[in-house]
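To keep things clear, I will list the structure first and then write my remarks on it.
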Amino acid sequence: MFWIFIFICLYSCIPVREQQRFFAAAAVEPVGTDTQSDGDLWPAAWSDDDQLYAANGDGKGFDLNGEWDDIVVNRVSGMIADNSLSGVRLASGNQVADLFLDTAQYNRKPTGMISVKGILYLAVQHLNKKGKRTFNEVPVASIYASADKGRTWKGPDQPMFIDYVFTTIMFLDYGKDNRDNVFDHYVYAYGLDSNWRDSYNDIVPDPQRLYLARVPADKILDRSAWEFFSGTRGRYVQWSPDISDKKPVLEDLRRRYPANSGQPGLSKDFSVISQGSVVYNKPLQRYIYTSWTEFTFEFYEAPSPWGPWKLFFSYDFGPYPWTEKQYGGYAVVAPSKFISEDGQMMGLVSSTFSGGVKHYNFAYRKLWLVPYVKNLKTRADRSDSNIAANRPPDIVTPLLGGSLRRGHLSFLNDAGLEQEAGLNRLLPEKGQEYYWGYSFSRPYCMNELVYYSGTADTAVKATTDGVRVQVRKNFRWKNVKTKIKRISYQNEHSSSRNKYIITFKRISGDGIRIVGKPGKSSLLATIRELAVFNR
């Protein structure tokens, strides 16, 4: 690609790439796989020796017999795909980062890591840990370098970033040793102001904007060499050495969980921009930002480092308590080393110790991505076969609007009724609509949806009042006019339940869902199976 550079005073400009919808669907494992490690956050860098280096906060790292420290650097070997991960602790505490602030009041936390020409760079912030400000403000941050693969570190003699500005730093992961950055000599880093996630008690403003900076690859520790994204002029990106000129590449003012679900002491109105990771998915030529809230994953994608960024996946794990069949995590990191050859599987690393579960380690899970393909021929063959049954070569992804409380999302299209209460979803607000459905990797003709209800206990009052069917075309959901017929079904795995046959005029689309509300004042709705036909 030919890049044009225009210099106006102290600004430099790069052409802006146009954004189009990219992913048709995404799915994530509802639980993680633990490793023999201890700690949280885990920013990581894939270095030239083919090893992954990762730093954790508040733990022992990959040495469970070692001493606890507020920051630990580790070497991680193996791959997520074959569950072969193992690690070695390399350095910790004062061996890694200077004490810019009093450690009795502040806690060092790793936020970003990168490898460039074999040298490791680690971004570290200081979190207040006293009183109402505990983990709710980040006043300063700096960056450290290791030329011997994480054993010894050096850094500046004063913080590089101060006054709560750009103090949560996440390096753009450009693959092994930064080699996938082929268009310039810069290292890119994203930053948040004030705090690393929602501040809960609003001691400082919640981060709702993601900022971008760049620095020559050989001057990462030189604060004066950094430039900040300062907007666009026509088709061109602008950069400024003055941090006060910075403008967000992503702004998301959404709030998740406007009420605290009746759980005393729990915050609410969570902002969605948080410390996570930004990685370049080379096979798909897409940039992925993995963010999160207390109860959700919030993932964004873009065609270039400066955007435009769009939310493509939001997964709701539900309010506490969580179970061992369904739980989320915080500071979600997606190392480039764990991206599959086709780019459609990525590995995620996150930790949690809340909601009745504890997976406070380098716990990993898989994320699957389904790229949207334009102009695929619509499959219009009529039969009694369930279109939603997941079988190759087409990809079917179950959709969930709300949170999964029991069962497994895969039960939705496993072509069987034996799984009791295949889905049981708790919504954050009474009266809020839910949906179950599918996205397809290609368009299909459809004219019938069959919904098998699940357990109808005292907490669940199933109803079809206000139920709608929507079909997706060109990423827009459109209501279709339906007729609903209810009959009872019974099999060896359940007592009598309701089966709803919903018919509509034949229509082509690459997604379908049933939308409605739980009956009466219930927060719950259940399902066993959702089948789709073109009869």
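The values are calculated or read from the model by the stated rules, or taken from the named source; none is laboratory data. Note that this is a predicted model, so its numbers are computed, not measured. Cβ sites come from the backbone with ideal geometry, for glycine too, and all protein chains shown count toward neighbours. Accessible surface areas use protein heavy atoms only, side chains included; no ligands, DNA or RNA. Shrake-Rupley method; radii C 1.70, N 1.55, O 1.52, S 1.80 Å.
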Taking Gly231 as meeting all but one of (1) touching a residue at least 60 places away in the same chain (Cβ under 8 Å); (2) over 24 Å from Val333 (Cα atoms); (3) not charged (D, E, K, R), write down the number of the exception. (1)
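Out of all the residues in the stretch 159-175, is one or more among the small types (Gly, Ala, Ser), at pLDDT below 95 and outside any strand (DSSP E or B)?
Taking every residue of the stretch 159-175 in turn, none turns out to be among the small types (Gly, Ala, Ser), at pLDDT below 95 and outside any strand (DSSP E or B).
Return yes when Leu120 is in a strand (DSSP E or B) and either modelled with pLDDT of 95 or more or over 21 Å from His359 (Cβ atoms) (or both) and no when it is not.
For Leu120, the condition - in a strand (DSSP E or B) and either modelled with pLDDT of 95 or more or over 21 Å from His359 (Cβ atoms) (or both) - is met.
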Yes or no: the stretch 298-310 includes at least one residue that is surrounded by fewer than 19 Cβ atoms within 10 Å (Cβ to Cβ) and under 24 Å from Asn136 (Cα atoms). no
Could you check how many residues of the stretch 71-110 are in contact (Cβ under 8 Å) with a residue 40 or more places away in the chain and assigned to a strand (DSSP E or B)? 13
Here is a list: Val204, Val187. Which entry is out of contact with any strand residue (DSSP E or B) (no Cβ under 6 Å at 6 or more places or on another chain) and not basic (Lys, Arg)? Val204
Considering only residues that are farther than 21 Å from Phe299 by Cβ and under 19 Å from the mean Cα position of the chain (by Cα), look in the stretch 344-394 and name the one that is surrounded by the most Cβ atoms within 10 Å (Cβ to Cβ). Asn361
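Yes/no per residue for (1) open to solvent by less than 10 Å² (accessible area, probe 1.4 Å); (2) more than 27 Å from Asn181 (Cα to Cα); (3) of a type in the set (Gly, Ala, Ser); (4) more than 23 Å from the chain's Cα centre (by Cα):
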{"residue": "Ile119", "(1), (2), (3), (4)": "no, no, no, yes"}
{"residue": "His126", "(1), (2), (3), (4)": "yes, yes, no, yes"}
{"residue": "Gly131", "(1), (2), (3), (4)": "no, yes, yes, yes"}
{"residue": "Tyr144", "(1), (2), (3), (4)": "yes, no, no, yes"}
{"residue": "Thr152", "(1), (2), (3), (4)": "no, no, no, yes"}
Quick one: would you say Phe295 is farther than 19 Å from Leu192 by Cβ, modelled with pLDDT under 90 and surrounded by 21 or more Cβ atoms within 10 Å (Cβ to Cβ)? no
Scan the stretch 111-123 and report the pairs whose first residue is within 18 Å of Ala334 (Cβ to Cβ) and whose second residue is modelled with pLDDT of 95 or more and not in a strand (DSSP E or B), with Cβ atoms within less than 6 Å and a gap of 6+ or a chain change. Thr111/Gln275; Ser115/Ser47; Ser115/Asp177
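Conditions tested, residue by residue: (1) under 27 Å from the mean Cα position of the chain (by Cα); (2) among the charged types (D, E, K, R); (3) farther than 28 Å from Tyr188 by Cα.
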residue: Pro30; (1), (2), (3): yes, no, yes
residue: Gln36; (1), (2), (3): yes, no, yes
residue: Asp40; (1), (2), (3): yes, yes, no
residue: Ala44; (1), (2), (3): yes, no, no
residue: Asn83; (1), (2), (3): yes, no, yes
residue: Ala104; (1), (2), (3): no, no, yes
Across the stretch 100-117, what is the number of residues that are open to solvent by 10 Å² or more (accessible area, probe 1.4 Å) and hydroxyl-bearing (Ser, Thr, Tyr)? 2
Any idea which residue in the stretch 290-317 is nearest to Thr111 (Cα to Cα), counting only those that are within 15 Å of the chain's Cα centre (by Cα), not β-branched (Val, Ile, Thr) and not in a strand (DSSP E or B)? Glu294
Among the residues in the stretch 93-113, are any closer than 24 Å to Glu341 by Cβ and either modelled with pLDDT of 95 or more or touching a Ser or Thr at 6+ places or on another chain (Cβ under 9 Å) (or both)? yes
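Checking the structure you have, find out if any residue of the stretch 320-338 is among the small types (Gly, Ala, Ser), open to solvent by 20 Å² or more (accessible area, probe 1.4 Å) and assigned to a loop (DSSP other than H, G, I, E, B).
Checked against the condition, which is being among the small types (Gly, Ala, Ser), open to solvent by 20 Å² or more (accessible area, probe 1.4 Å) and assigned to a loop (DSSP other than H, G, I, E, B), the stretch 320-338 yields no hits at all.
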Taking the stretch 212-270 as the search range and keeping residues that are open to solvent by 60 Å² or more (accessible area, probe 1.4 Å) and in a strand (DSSP E or B), which one is modelled with the highest pLDDT? Glu251
Here the qualifying pairs (Cβ atoms under 9 Å; residues six or more apart or on different chains; first in the stretch 442-453 and more than 17 Å from Ser383 (Cβ to Cβ) and without any contact (Cβ under 8 Å) to a residue 40 or more places away in the chain; second in a strand (DSSP E or B) and open to solvent by 10 Å² or more (accessible area, probe 1.4 Å)) come out as none
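Yes/no matrix, rows are residues, columns are (1) modelled with pLDDT under 95; (2) part of a strand (DSSP E or B):
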site: Ile4; (1), (2): yes, no
site: Phe7; (1), (2): yes, yes
site: Cys13; (1), (2): yes, yes
site: Gln20; (1), (2): yes, no
site: Asp40; (1), (2): no, yes
site: Pro43; (1), (2): no, yes
site: Tyr53; (1), (2): no, yes
site: Asn56; (1), (2): no, yes
Which ones in the stretch 32-50 are within 30 Å of His408 (Cβ to Cβ) and either open to solvent by 40 Å² or more (accessible area, probe 1.4 Å) or touching a Ser or Thr at 6+ places or on another chain (Cβ under 9 Å) (or both)? Gly32, Thr33, Asp34, Thr35, Gln36, Gly39, Asp40, Leu41, Trp42, Ala44
